[in-house]
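We did not get these values from a lab; they are worked out from the coordinates using the rules stated. Computed from a predicted model, the values in this text were never measured in an experiment. For neighbour counting, all protein chains shown are included, and Cβ atoms are generated from backbone atoms with ideal geometry for every residue, glycine included.
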Amino acid sequence: MRIHALIITLAAAALAACSPPSTQKTEPPAEAGANRAIPDPAAVVSALYAPYIVADAQAPALADAAPWSAQMQADIAAMHTRTGDGDGPSLDFDPIIDAQDFQLSNILATTDAVVEGSHAVVRAQFNNIGEPQVVVYDLVWEDGRWKVDNIRTDEWDMRTIVTTPS
């Protein structure tokens, strides 16, 4: 009987060893603070497109369109002041969609590069009114989350536009 019990115990151990690991994720304890994993920056960029996929949606105002970094917030405010004083430039398109009009589909945001807790580059690809678009985001880690520090394409750079007086 002891051999039979030993065989059953060994068989159970072998089955446990061959079972796939649990896929259940556990959150670190709240007191872990800085040890918590930093979220994927692509999730921040994906969320920016939510207002654009609603039927008959209005694009958000530039100041409210993204979680801007402190530097980009200051640059946007300075641009609005210059524009109000008649000294452009005026950002005459929506940099999130690289257009004025929109009908978006096939939105995909992917993280190209990331330095955890510092900065990241995210590429957004989508179709706008049937035309493929690629917009690149530079993000910085501020106040415990990813914030948009710049938006660019091969043809323009938002930081350059908002900081260059006409």
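Key figures for this structure:
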quantity: Residue-span extension gain [SER90 to ASP143] - 0.36 nm each, minus C-alpha spacing; calculated: 16.2 nm
quantity: Evaluated at q = 0.19, 0.34 Å⁻¹: base-10 log I(q)/I(0), Debye formula over Cα of the range 124-166; calculated: -0.71, -1.09
quantity: Relative contact order (%) - the range 71-150, alpha-carbon pairs under 8 angstrom, separation at least six; calculated: 22 percent
quantity: Simple Cβ-charge dipole of the range 32-166, Lys/Arg +1 and Asp/Glu -1, about Cα centre, in debye nearest 20; calculated: 420 debye
quantity: Local electrostatic count at ASP149 - Lys and Arg +1, Asp and Glu -1, tallied over other residues with Cβ under 14 Å; calculated: -1
quantity: Low-density loop positions, GluC sites (Glu not before Pro), the range 99-165 - DSSP coil, at most 10 other Cβ in 10 Å; calculated: GLU116, GLU155
quantity: Two-site FRET efficiency, THR110 against THR83, from Cβ-Cβ distance with R₀ of 35 Å, rounded to 0.05; calculated: 0.55
quantity: Inter-label distance for ALA70 and ALA57, nm, one decimal - labels placed 7 Å from Cα along Cα-to-Cβ; calculated: 3.0 nm
quantity: Of the chymotrypsin sites (Phe, Trp or Tyr not before Pro) in the range 99-151, those whose Cβ has at most 10 other Cβ within 10 Å and which sit in DSSP loop; calculated: none
